[in-house]
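The values are calculated or read from the model by the stated rules, or taken from the named source; none is laboratory data. Predicted model, so just to flag it, every value in this text is computed and none were measured. Virtual Cβ from ideal backbone geometry, glycine too; neighbours counted across all protein chains shown. We work out accessible area using only protein heavy atoms, side chains counted, and drop any ligands, DNA or RNA first. Shrake-Rupley method; radii C 1.70, N 1.55, O 1.52, S 1.80 Å.
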Amino acid sequence: METALENLSKDDLLKVVSSRDEKIEYLESQLAMYKRMQFGQKRERFEGDPNQTALPFEAEPKEAEQQQEETRQKIEYTRKRPNHKGRAKLPEHLPVVEIDIHPEGDLSDMVCIGKEITEELECDPAKFYIKRYIRYKYTPKNGDGVRIGELPERVIDRGIPGAGLLAMILTGKYQDHLPLYRQKQIFARENIQIASSTIEGWTKE
């Protein structure tokens, strides 16, 4: 090949060099296009910049150092444990039931040096009970008339629901959006069977 080139004239050599330059430029443009198709963003894969013959796959030293610093900060932020401020404070308006717990065994020869307090939020589920009014009757010894204790005013005359039960049902239905059939299921778990029509009637009184 070298011998063939030596035998060429100046003009022929210029033509060969020019042809090679064109091929190199063509191959570089093809390589840039393939890189965009493989590594570029979705839009760049199909709409390449005609003025761009190469993509900056290798970042500048300053840019590379900045990227490494950002990556390090992200890793440190991820590994850093969150700063907890402790558990939520329990409401102060609630009643408190204190339970004293002393060590087991004979403590007569020991002195109390302190105590640790642990609090938990507790709830008593709804308790059903029967309120029974017992009105005693009295009559004079001469048998003239009868007196009986007056029955307190009730929410529903001759009905079985107390004020507290009605308040729970109405609050559940209108405030907490708890359907009556679900409230009936709550009663059933306590082995209290009340017809749905009866409960619905209570809410309409």
Cβ-defined net charge surrounding Lys184, 12 Å radius [Lys, Arg +1; Asp, Glu -1]: +1
Carbon + sulfur, % of accessible area of the range 115-205 - ligands and nucleic acids excluded, 1.4 Å: 49
Per residue value of the accessible surface for the range 123-195 (all protein chains in place, 1.4 Å probe), Å²: 91
Mean Cβ count within 10 Å, highest first, over the residues of peptides 140-147, 196-203: 196-203, 140-147
Cα gyration tensor shape for the range 96-203, rounded if a/c is under 1.5, else prolate or oblate: oblate
